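Asks: Here's a structure for you.
The values are calculated or read from the model by the stated rules, or taken from the named source; none is laboratory data. Since the structure is predicted, the reported quantities are computational estimates derived from the model, not experimental observations. Here Cβ is always computed from backbone atoms with ideal geometry, including for glycine, and neighbour counts include all displayed protein chains. For the accessible areas, the whole protein counts, side chains as well, though only heavy atoms, and no ligand, DNA or RNA atoms are used. Shrake-Rupley method; radii C 1.70, N 1.55, O 1.52, S 1.80 Å.
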Amino acid sequence: MLSKVPEVTLGFWLIKILATTLGETGGDAVSMSMNLGYAISSIIFVGMFFIAVVAQISAKAFHPFLYWFVIVATTTAGTTMADFADRSLGIGYPGGAAILLVLLMAALGVWYWSAGSIAVNSVGTPKIEIFYWVAILFSQTLGTALGDWMADTNGLGYEGGALVFGAGLALIAGAYFCTNVSRTLLFWAAFILTRPLGATLGDLLDKPLDNGGLAFSRFYASAILAVIIIACIVFLPQRAGRHPGVQAQST
């Protein structure tokens with residue numbers, strides 16, 4: 001079976017960071033700039049996520065633009081859902097992050113219990129795709145909470161938060177190239193950390209100058225990021241990862 005998720009390459013991670021940054025600016029544009037609030041915005045983006053996931057699971061082959069549209073849908077939904085939990089419900093960043101971490105671990109646990117693996121190269125059936133996208137949605141929402149917690153609460157600011165998460169990703173890359181640590185563990189750790197990196201970069205772009213941001217228009221920043229993502233999808237290699245059963249069947 002051919003997977004409908006892309007091969008994990010440097011280009012994959014570049015687009016992922018851009019997509020998570022777009023999720024932050026796009027989510028804030030709808031919830032704040034359009035004054036729809038976190039609850040209404042979450043309903044809109046979760047609805048968009050479900051429509052996109054249904055289209056992705058129904059597709060017969062890997063389509064790069066469809067895949068990355070679903071990723072952007074998860075990250076915009078994650079932005080508004082995390083903000084709704086942290087701010088509107090008053091749970092706070094630590095409480096919201098803890099709840100989302102439990103939900104993510106539960107999603108991965110159920111996936112592993114059902115399939116025996118949570119490796120991304122095993123995503124080759126509709127059932128596994130559902131597990132995959134649920135885990136990604138929770139990881140994106142958790143990443144938003146972590147990014148806001150680090151930047152707003154710990155006094156690091158958006159630049160400092162981005163540097164912390166960038167350093168964490170550098171350590172994961174070092175572990176990938178220099179150790180035998182589980183590649184599956186490293187993938188999910190990197191996937192989670194790219195979200196708060198994107199969250200802090202997005203906030204750096206669109207927050208007011210008095211709050212440590214660059215005061216870009218959220219709509220303007222989102223449009224620029226969307227154009228860059230489209231260019232990356234077009235010009236960077238985008239091919240489906242292969243299910244581990246393919247090689248066994250062909251030998």
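Table: residues versus (1) in a helix (DSSP H, G or I); (2) at pLDDT 85 or above; (3) open to solvent by 20 Å² or more (accessible area, probe 1.4 Å).
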{"residue": "E129", "(1), (2), (3)": "yes, yes, no"}
{"residue": "A135", "(1), (2), (3)": "yes, yes, no"}
{"residue": "T144", "(1), (2), (3)": "yes, no, no"}
{"residue": "A151", "(1), (2), (3)": "yes, no, no"}
{"residue": "L163", "(1), (2), (3)": "yes, yes, yes"}
{"residue": "A173", "(1), (2), (3)": "yes, yes, yes"}
{"residue": "N180", "(1), (2), (3)": "no, yes, yes"}
{"residue": "T184", "(1), (2), (3)": "yes, yes, yes"}
{"residue": "W188", "(1), (2), (3)": "yes, yes, no"}
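Asks: Further question on the same structure: I'd like the residue in segment 96-127 that is within 19 Å of V5 (Cα to Cα) and among the polar types (S, T, N, Q) and, out of all such residues, is most open to solvent (accessible area, probe 1.4 Å).
Replies: The selected residue is N121.
Asks: Can you tell me which of (1) outside any helix (DSSP H, G or I); (2) open to solvent by less than 40 Å² (accessible area, probe 1.4 Å); (3) among the small types (G, A, S) is the one A61 doesn't meet?
Replies: In the conditions (1) outside any helix (DSSP H, G or I); (2) open to solvent by less than 40 Å² (accessible area, probe 1.4 Å); (3) among the small types (G, A, S), A61 misses (2) alone.
Asks: Under the condition of being exposed (fewer than 12 other Cβ atoms within 10 Å of the Cβ) and aliphatic (A, V, I, L, M), which residue from segment 232-251 is modelled with the lowest pLDDT?
Replies: Checked segment 232-251; the qualifying residue modelled with the lowest pLDDT is A248.
Okay, residues lined up against (1) open to solvent by less than 50 Å² (accessible area, probe 1.4 Å); (2) at positive phi; (3) assigned to a helix (DSSP H, G or I):
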site: A39; (1), (2), (3): yes, no, yes
site: I44; (1), (2), (3): no, no, yes
site: W68; (1), (2), (3): yes, no, yes
site: A77; (1), (2), (3): yes, no, yes
site: G90; (1), (2), (3): no, yes, no
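Asks: Give segment 8-36 a look and list any residue that's more than 30 Å from N121 (Cα to Cα) and open to solvent by 30 Å² or more (accessible area, probe 1.4 Å), or say none.
Replies: M32, S33, M34, N35, L36 - these are the residues of segment 8-36 that are more than 30 Å from N121 (Cα to Cα) and open to solvent by 30 Å² or more (accessible area, probe 1.4 Å).
Asks: Please work out which one of (1) of a type in the set (A, V, I, L, M); (2) open to solvent by less than 10 Å² (accessible area, probe 1.4 Å); (3) over 14 Å from G143 (Cα atoms) is the condition M48 fails and give its number.
Replies: It fails just one condition, (2).
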